[in-house]
Each structure stands twice: as structure tokens, then as C-alpha cells.
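Here is the structure we will look at, set down as C-alpha cells.
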Amino acid sequence: MTTRRHRARAHALRGLRHLLGAARRPLGWLARQEAVVLVTAFFIVLAVYGFIELATEMREGEMRDFDEWFLRLLRRDIDPAMPIGPAWLPPMMMDITALGGVTILALVTLVAAGYLVLMHRYGATALVIVASLGGGLLSEVLKRGFGRARPVVVPHLIVVQSLSFPSGHSMAAAVIYLTLGALLARFAARRRIRIYVLGVSFGLTVLVGITRVYLGVHYPTDVLAGWAAGLAWALVCWLVARYLQYRGAVEQPGKPSPR
């Protein structure tokens, strides 16, 4: 009986040592990156909280008056089918909104992945593809889960058939552009390149969201919710990229994989 107890204790101690050994790396990484991790985690929580608040208010109908007022604000009083602005603005908005469509986003992801492959950053390539596909899946699940109908307060300037909340174009643009921007910025050695990449990513995300409201196919709350969910996903992917670089699974900035 005593021998069995000793063996059981020895097995338990070995298991505990293995568990502590497995936890040592992530804990060590967290200790070294404490400030960055805490700030990023704060913004992730803030984005998720913002999304939950918007979703709650959408379900309770508290933002409907604001949503409808804002859509009417972008149309002429004499004819709600006519958007405000010069004649060239609606066609330009239609062109920009395509940047949040499935075809364009898929091409952007493939181009970014091809660039990383040519730079022999194979770990980064896999991370970009997984992050983009995962973000797209999350967007579709949320849209189907909430099931909000499209606005009918003003005529649509383009043909749409899917659901409204959150804005699929806005969220997909945030997921793809912000995720790619965050990941590619991690693989850029120079600070000005990182700032440029992140600036372009945020700019494209904002532009796509604005066009969805201007074209009358989404409420403002749809777009805000899409931005919030996409930002949270991009920040999570950015943290994962930092950790995988620490583990050596993804290449460090300025250090491509051996040719």
C-alpha cells in the first residue's frame, strides 16, 4: 500500500512539473510583454464591450430613431432616392464599397500571402490565412445570429440581399485590413513602415464603413458594430503573432526564414 502511494505521489509530481514547464513559456512571455499585452487586452475588452452594447440597443430598438434620422440626413429632402453631394460622389462610393466585398478581400489576402511566401516567411503566411478565414467565418456567424433586416427608410443605391447586423462589408474590411495591417506591421523592421501600413489599414476600414451608410444599405449601428468586432479580432491576431514570434513559430521582424 505504501509503495503504491509513493508511486502515485511520484506520478503526480511529474505531472505537476510538466504542467509548470508548459506554462513557463507563456508566463515568461507575458512578463516580458506586460505593458503591451495589458494595453492591447484593454482595447480588446473595450471593442467587445462596445459590440455587446450596440447589439443590446439594437435588439431593444433604442437606436432606431438615430439610425433612421442619420440615413435621411444623407438624402435630399425633395427625393429620398437622391443622396447628398455632387454627381460624382455616388459612383465613387460604389467603387469604394467594393473594397469590402468578398472578391476584393480574397484577392487582397492572396496577394499578401504571396508576398510573404516570396519573402520566405512561411509561418507568417499561415497565420495570415488562418486569421483571415477565421475572421470571415466570425462575420458570417454574427450576421446569421442577429438576423437584422436591411434598412427600408431610404431606397438602396445598390442591390443587397443579405442581413444587416453587423455590417458584413464593414466587419470583413476591419477583419481583413486590420488583421493584415497588424500582422504585416509586426513583420516590418522600420517604424515608419509600420505606421504607414497601419494607417492604410485603418483608412480603408473607415472608408468602407462610411460607404455602406451613404448607400443606404446599412444603419450606422450596423457599421459601428462591424468595426468593433473586426478591431477585436485584429488585436487578438496581433497578440497571437507576437507570441508565436517569441516561440519561434513565426519569423521575427527583419529576419526572414532561411532560403
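Values in this text are rule-based calculations from the coordinates and carry no lab data. Predicted, not measured: the structure shown is a model, and the values here were computed from it. Cβ sites come from the backbone with ideal geometry, for glycine too, and all protein chains shown count toward neighbours.
Using alpha-carbon positions, what is the distance between the centroids of region 164-178 and region 124-138, in Å?
After rounding, the separation between the Cα centres reads 14 Å.
Determine, for S167, S132, S201, S162, the number of other Cβ atoms within 10 Å of each Cβ, and report the residues in order from fewest to most. Don't jump to the answer; show the numbers that get you there.
Working: S167 31, S132 25, S201 22, S162 11.
Fewest-to-most ranking of S167, S132, S201, S162: S162, S201, S132, S167.
Can you divide the C-alpha Rg of region 89-252 by 2.2 N^0.38 Å and report the result to two decimal places? Present the calculation step by step, with values, prior to reporting the outcome.
Details: Rg = 16.2 Å, N = 164, 2.2 N^0.38 = 15.3 Å.
Cα-based Rg divided by the globular estimate yields 1.06.
List the residues whose amide H sits under 5 Å from the amide H of R121, counting only those 5 or more places along or on another chain, with H placed 1.01 Å from N in the peptide plane.
Result for R121 returns S257.
List every residue whose amide H lies under 5 Å from the amide H of R75, counting only residues 5 or more places away in sequence or on a different chain, with H placed 1.01 Å from N in the peptide plane.
Residues meeting the criterion, in which the H sits 1.01 Å from N, are I84.
For region 157-164, in order, what is each residue's ³J(HN,Hα) by Karplus, 6.51 cos²θ - 1.76 cosθ + 1.60 with θ = phi - 60°, in whole Hz (x at glycine and Pro)?
8, 9, 7, 9, 9, 7, 7, 10
Per-residue counts of other Cβ atoms within 10 Å, averaged by peptide: what ranking do you get for 209-222, 134-147, highest first? Don't jump to the answer; show the numbers that get you there.
Values: 209-222: 24.4, 134-147: 15.9.
Per-residue mean Cβ counts within 10 Å order the peptides as 209-222, 134-147.
How would you rank M82, M58, going from fewest to most other Cβ atoms within 10 Å of each one's own Cβ?
If I rank by nearby Cβ atoms, fewest first, I get M82, M58.
How much length is gained on full extension from Y122 to M82, taking 0.36 nm per residue of separation minus their Cα-Cα distance?
9.5 nm
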